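The values are calculated or read from the model by the stated rules, or taken from the named source; none is laboratory data. Nothing here was measured: the structure is a model prediction, and the numbers come from that model. With ideal geometry, Cβ positions are generated from the backbone for all residues, glycine too; neighbour counts draw on all protein chains shown. Areas reflect the complete protein model, heavy atoms only, side chains present, ligands, DNA and RNA absent. Shrake-Rupley method; radii C 1.70, N 1.55, O 1.52, S 1.80 Å.
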Amino acid sequence: MQLKEISKDIYDVSAMLDEVLGAEGTPEREKNRERAWEEYNAQILLEARKNAHLTQAELAKRIGADKGYISRIERGLTVPTVATLYKIASAMGLTVELRPI
């Protein structure tokens, strides 16, 4: 991938993002945006588990799942259902808050 130089030391980052992620408004770009959110949420859950001083096995036991399932969630390979997300949050002593932006 080559950044398009607009002038000395100024590059068109939007063009680079369009090339790598797909142009804005395309299904490819939306798929990449969705994937980024999945990875972001996985990282939040991983950090929350660590802050709760729980292992994956301990968290899995609390929600009635197996350690591999927690691992897949934390790696962004599996997206938990809303019900499971609530169970995970509760098992870590957290709540989920929905509020307008």
| note | Taking a probe of 1.4 Å and leaving out DNA, RNA and ligands, the chain shows per residue an accessible area in Å² of 75 Å²
| note | Filtering GluC sites (Glu not before Pro) in the stretch 29-101 by DSSP loop and by at most 14 other Cβ atoms within 10 Å leaves GLU97
| task | Excluding ILE88 itself, calculate the net charge of residues whose Cβ lies under 14 Å from the Cβ of ILE88, where each Lys or Arg counts +1 and each Asp or Glu counts -1. | result | +3
| field | 5 angstrom amide H check on TYR11, placed H, neighbours 5+ away | value | ILE6
| query | How large is the dipole of the chain about the Cα centre if only Lys and Arg carry +1 and Asp and Glu carry -1, each at its Cβ, rounded to the nearest 20 debye? | reply | 660 debye
| remark: Here the gain from full extension of ALA83 to HIS53, 0.36 nm per residue of separation minus their alpha-carbon distance, amounts to 8.6 nm
| 16 Å reach of a label modelled at ARG35, 7 Å along Cα-to-Cβ, counting backbone N of the stretch 61-96 | 75-79
| query | Among residues other than GLU58 whose Cβ falls under 10 Å from its Cβ, what is the net charge (Lys/Arg +1, Asp/Glu -1)? | reply | +4
| note | Partner aspartates and glutamates whose C-alpha sits under 12 Å from that of LYS67, ignoring same-chain residues fewer than 8 away, are GLU58
| Which label belongs to the value computed from this structure, given these candidates for semi-axes √(5λ) of the Cα gyration tensor in Å: [x] 22, 15, 14; [y] 37, 14, 13; [z] 39, 23, 9? | [y]
| Rounded to the nearest 500, what is the chain's calculated 222 nm mean residue ellipticity when only DSSP H runs of at least 4 contribute -39500 (n - 2.57) each, over all residues? | -18500 deg cm²/dmol
| Qualifying trypsin sites (Lys or Arg not before Pro) for the chain [loop in DSSP, other Cβ within 10 Å: at most 15] | LYS4, LYS8, ARG75
| Positive-end extreme of charge dipole, the chain - chosen from ALA36, LEU98, VAL13 (charges on Cβ) | LEU98
